[in-house]
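Notes follow once the structure below has been shown.
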Amino acid sequence: MRILVTGGAGFIGSAYVRRLLTGAETTLRPDRVTVLDSFTYAGTEDSLGTVREDPRLRVVRGDVRDADLVDATVAGHDVIVHLAAESHVDRSIAGAAPFVTTNVVGTQALLDAALRHGTGRFVHVSTDEVYGSIDHGAWPPSAPLDPSSPYSASKAAADLLTLAYHRTHGLDVVITRGANTYGPYQHPEKVIPRFVTNLLDGRALPLYGDGGNVRDWLHVDDHCHGITLAHQVGRAGAVYHLGGGTALTNRDLTGRLLTAFGAGWDRVRPVADRKGHDRRYALDTTTTRRDLGWAPTVDFDAGLAATIDWYRDNRSWWRPLVEA
Ligand code: NAD
């Protein structure tokens, strides 16, 4: 089994590669894992940790928008797990162009290459944000896409293209839509690592608006295992929801982090709300549980405590990213 992982130097991609090569994904025994990553500000080789020296790993420094390079890299792989993306909503509000080119055009380059080379399966890793905000209940996978940010709009466009390649060309695709993911090696621009590293450094925590926005938290190991199951038992053309099962307002999340550090609310600095800020995300995971046998396993409090410990013990990984 030869697996191409795009974005394999980023947060979820590197966790997936580490899990593949350390045997944590017990049902997958890859002969080769190729990482295709352009190493933007969000990707580092250090995130691959101990598996960097694994002889089954090959790292290609390249851009998913480079169709010739993508074509040459895709050749010889049985499956593509596509995670490469511009992923930060705030950056997409400041400037949408790289989101459209990487997330949409890059996905199209990969889909074309998969088609040309007869790749067995294309797993497109997407997000709950494509549906936009939901006041009550949870989105089923059949819900219409109604994204709010340039980030989520670019992901929605990529999802639709992926499904179109299945319907038009018969390409074997599956899509996962994951909830807000947390764990080690996440860039300190995202809320949990940002708040944890600020607490470690004695800095204030910038809390958006009234702090009432609700996010559903999913541990990165559970997210990765959902990707594996979608790859192995998912139905071609299907969308699988990977919900975390722990819905918290940003205020609740902040309170838990303050408690973990023995800090008070005086450490919090309210800031103007994000433009177009979705109030609540929620995924209905019924079909994923039934068809893939997947459910999140990491208890949020335990996962958060371990994540805090990881940032405490790995300052050399995140310090340069904070300073940049
Ligand atoms: P990340 O920003 O940590 O990593 C993205 C990786 O893609 C980086 O290594 C970066 O160098 C690489 N990359 C960016 N542009 C590229 C390009 N043009 N060519 C090649 N490589 C490029 O992101 P993440 O949080 O690990 O997210 C991975 C995927 O999962 C994304 O597609 C994202 O939309 C999706 N997702 C993330 C979350 C989350 O909470 N983090 C939740 C659901 C879905």
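Points to keep in mind about this one:
- Helices (runs of 4 or more DSSP H) wholly inside the range 136-241 that include at least 2 residues being among the small types (Gly, Ala, Ser): 150-169, 220-233
- Qualifying residue in the range 205-212 (condition: closer than 22 Å to Trp139 by Cα and touching a His at 6+ places or on another chain (Cβ under 9 Å)): no
- Scope the range 20-39; condition surrounded by 16 or more Cβ atoms within 10 Å (Cβ to Cβ) and either under 15 Å from the mean Cα position of the chain (by Cα) or not in a helix (DSSP H, G or I) (or both); matching residues: Glu25, Leu28, Pro30, Val33, Thr34, Val35, Leu36, Asp37, Ser38
- Residue in the range 38-57 that is within 13 Å of the ligand (Cβ to nearest atom) and in contact with a His (Cβ under 7 Å, 6 or more places away or on another chain) present: yes
- Exclusive hit being under 17 Å from Ile227 (Cα atoms) and within 10 Å of the ligand (Cβ to nearest atom), set Asp78, Asp128: Asp128
- Test: Asp210 is over 17 Å from Val196 (Cβ atoms), free of Cβ contacts under 8 Å to residues at least 24 places away in the same chain and out of contact with any Ser or Thr (no Cβ under 7 Å at 6 or more places or on another chain): no
- In the range 226-244, of all residues being farther than 21 Å from Leu160 by Cβ and aliphatic (A, V, I, L, M), the one that is surrounded by the most Cβ atoms within 10 Å (Cβ to Cβ) corresponds to Leu229.
- Candidate set: the range 99-130, residues that are outside any helix (DSSP H, G or I) and among the hydrophobic types (A, V, I, L, M, F, W, C); chosen: the one surrounded by the fewest Cβ atoms within 10 Å (Cβ to Cβ): Val123
- First in the range 51-68 and in a loop (DSSP other than H, G, I, E, B), second anywhere and acidic (Asp, Glu) and modelled with pLDDT of 95 or more, Cβ under 8 Å, 6 or more apart: Arg56/Asp31; Gly62/Asp37
- Boolean, Ala179 is near the ligand (Cβ under 10 Å from one of its atoms), touching a Leu at 6+ places or on another chain (Cβ under 7 Å) and of a type in the set (A, V, I, L, M): yes
- Criterion: polar (S, T, N, Q) and either part of a strand (DSSP E or B) or within 22 Å of the chain's Cα centre (by Cα) (or both) - qualifying residue of Thr287, Thr259: Thr287
- Matching residues, the range 221-276, being free of Cβ contacts under 8 Å to residues at least 60 places away in the same chain and among the polar types (S, T, N, Q): Thr246, Thr249, Asn250, Thr254, Thr259
- Among the candidates Ala75, Ala24, Ala42, residue that is of a type in the set (Gly, Ala, Ser), under 23 Å from His219 (Cα atoms) and touching a Lys or Arg at 6+ places or on another chain (Cβ under 9 Å): Ala24
- Candidate set: the range 3-19, residues that are more than 12 Å from the ligand (Cβ to nearest atom) and in contact (Cβ under 8 Å) with a residue 60 or more places away in the chain; chosen: the one surrounded by the fewest Cβ atoms within 10 Å (Cβ to Cβ): Arg19
- Condition check for Ser92: surrounded by fewer than 24 Cβ atoms within 10 Å (Cβ to Cβ), of a type in the set (S, T, N, Q) and either modelled with pLDDT of 95 or more or in a loop (DSSP other than H, G, I, E, B) (or both): yes
- Residues located in the range 157-171, provided they are among the hydrophobic types (A, V, I, L, M, F, W, C) and either surrounded by fewer than 22 Cβ atoms within 10 Å (Cβ to Cβ) or touching a Cys at 6+ places or on another chain (Cβ under 8 Å) (or both): Ala157, Leu160, Leu161, Leu163, Ala164, Leu171
- Those residues of the range 40-50 which are outside any loop (DSSP other than H, G, I, E, B) and not charged (D, E, K, R), in sequence order: Ser47, Leu48, Gly49, Thr50
The values are calculated or read from the model by the stated rules, or taken from the named source; none is laboratory data. Being a predicted model, the structure only gives us computed values, none of them experimental. Cβ atoms come from the backbone with ideal geometry, glycine included; neighbour counts cover every protein chain shown.
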